[in-house]
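Worksheet: one structure, shown below.
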Number of protein chains: 2
Amino acid sequence: MARYGKEHKQATRRRIIEMAGSRLKRDGIDGSGVATLMADAGLTNGAFYAHFDSKEDLVASTVADQLREQRERYSGQSLEEIVRGYLSIQHRDDTEGGCPSAALLDEIARSSDSVKRAYTDGQVAIIDDAAARLAPDDPQSARAQTIGVFALMVGTLQVSRALADRRLADDVLEQGIQNALALLGAEQRVSPSSCLK
Amino acid sequence: MARYGKEHKQATRRRIIEMAGSRLKRDGIDGSGVATLMADAGLTNGAFYAHFDSKEDLVASTVADQLREQRERYSGQSLEEIVRGYLSIQHRDDTEGGCPSAALLDEIARSSDSVKRAYTDGQVAIIDDAAARLAPDDPQSARAQTIGVFALMVGTLQVSRALADRRLADDVLEQGIQNALALLGAEQRVSPSSCLK
DNA sequence: CCTGTAATATTACGACCATCAGCCAATTAG
DNA sequence: CTAATTGGCTGATGGTCGTAATATTACAGG
């Protein structure tokens, strides 16, 4: 048995998922058809259902893969490097190569539970990694803080991408960096910002 | 002439746009068909093109209308009220009645220039309103600060909506409130006046 | 030369955006 | 008091594209 090397189908599946990552982030979930996704991988639509149960199945797998890749990329970077890279002009102008959350988050929110579950698991892993580096002694608090900063970055990137005014869009990124670093720095100090309750 | 009063067509157009606001936020732009949007307004698909040049035209008009409505709603609220309302569980669980940015931002980013322009204009108006209340003496700095906090809120709401874990999603909202108020408070501290409000 | 796998090609069927001929009620003209 | 006109709408229709399923072909290795 195993006329084709056992890794052949696996490799094809991986290729589909990786290509789908770029395509989905570029054109959106509803904006990407199965035939196009398969063509990106050099295949035709008919082969799709030998690899995935449904489009939704592919989306969930792709979201998981994208977050896994993002997690690996961040593992070698400091938090400040992550922030500055994330809120860079290059990242804003590279939707298809960038953060899956920024590209797909409100479509994921509208998706089925399986997609949301894949998103949740992948995102929590990223957050936990970052939180461990921020404050290894207080993981609970660091986790909340980290996810808050991450949400800030996602929203900032999305706003910057949606604005038609380039100058304003750049300013938004800059402000986002300031805010993210301020929140990370504030966490390391013990003093709460006294002004409001 | 005019079997209908002069304001009849205008009223129909408004009804379409208002209904489209809910539908687009609920199902997304790509997820909402023209026939469905018209049915929501009690009409059939054929009448659509007497009111709009294209679906894109409706989307741009709807985005503008949604932001106008949001701006009016915020005009009677303090910044802290806005933050707490925006990042409330009720708002998270009411996508179709809530913030258009949180529901549609990454689809808007993929949309045509006319849609992005409508978004930019409407959003800037909201930001300028809020900035004027935050620091009337330094509008330039307040504007940057306000848009930064707004982006934080949008990202936080989206993340909370996309998470499959309810408890975690609630924590994200709470953390978002803390962060938003901290950023507003930090800005406020520059001026000797009192805390938020 | 078989056997089973992976892919292609084709098909079904519905939804999509957009167009257009025609209906219907009310106003206006003759 | 008809008859023509008009505005807003319905209903049907293209033509394309969507997901999913199926029949068929190419091919690898014992």
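Buried (at least 16 other Cβ atoms within 10 Å of the Cβ), modelled with pLDDT of 95 or more, within 12 Å of chain A (Cβ to nearest Cβ) and within 13 Å of DNA strand C (Cβ to nearest atom), is that true of B:S112?
Spelling it out, it is not the case that B:S112 is buried (at least 16 other Cβ atoms within 10 Å of the Cβ), modelled with pLDDT of 95 or more, within 12 Å of chain A (Cβ to nearest Cβ) and within 13 Å of DNA strand C (Cβ to nearest atom).
Here's a check for you: in region A:45-64, which residue that is small (G, A, S) and within 14 Å of chain B (Cβ to nearest Cβ) is farthest from DNA strand D (Cβ to nearest atom)?
A:A64
Quick check: is even one residue across region B:26-39 surrounded by 20 or more Cβ atoms within 10 Å (Cβ to Cβ), more than 14 Å from every other protein chain (Cβ to nearest Cβ) and either more than 16 Å from DNA strand D (Cβ to nearest atom) or modelled with pLDDT under 95 (or both)?
no
For region B:2-11, state whether one or more residues are surrounded by 18 or more Cβ atoms within 10 Å (Cβ to Cβ) and within 16 Å of DNA strand D (Cβ to nearest atom).
Looking through region B:2-11, none of the residues is surrounded by 18 or more Cβ atoms within 10 Å (Cβ to Cβ) and within 16 Å of DNA strand D (Cβ to nearest atom).
Out of all the residues in region B:143-166, which are more than 7 Å from chain A (Cβ to nearest Cβ), in contact with a helix residue (DSSP H, G or I) (Cβ under 9 Å, 6 or more places away or on another chain) and surrounded by fewer than 22 Cβ atoms within 10 Å (Cβ to Cβ)?
B:R143
State all residues of region B:1-21 that are assigned to a helix (DSSP H, G or I) and hydrophobic (A, V, I, L, M, F, W, C); if no residue qualifies, say none.
Of everything in region B:1-21, those that are assigned to a helix (DSSP H, G or I) and hydrophobic (A, V, I, L, M, F, W, C) turn out to be B:A11, B:I16, B:I17, B:M19, B:A20.
Which of the residues belonging to region B:22-78 are assigned to a helix (DSSP H, G or I) and more than 16 Å from DNA strand C (Cβ to nearest atom)?
Listed by number, the residues that qualify are B:A64, B:D65, B:Q66, B:L67, B:R68, B:E69, B:Q70, B:R71, B:E72, B:R73, B:Y74, B:S75.
Return the residues of region A:70-110 that are among the acidic types (D, E) and under 25 Å from B:G28 (Cβ atoms); say none if nothing qualifies.
The answer is A:D93, A:D94, A:E96, A:D106, A:E107.
Could you list all residues from region B:60-109 that are closer than 16 Å to B:A125 by Cβ, charged (D, E, K, R) and touching a helix residue (DSSP H, G or I) at 6+ places or on another chain (Cβ under 7 Å)?
Within region B:60-109, B:D65, B:R68, B:R71 qualify.
The values are calculated or read from the model by the stated rules, or taken from the named source; none is laboratory data. Predicted model only: the values in this text are computed from it and were never measured. Here the Cβ is made from the backbone with ideal geometry for all residues, glycine too, and neighbour counts use every protein chain on show.
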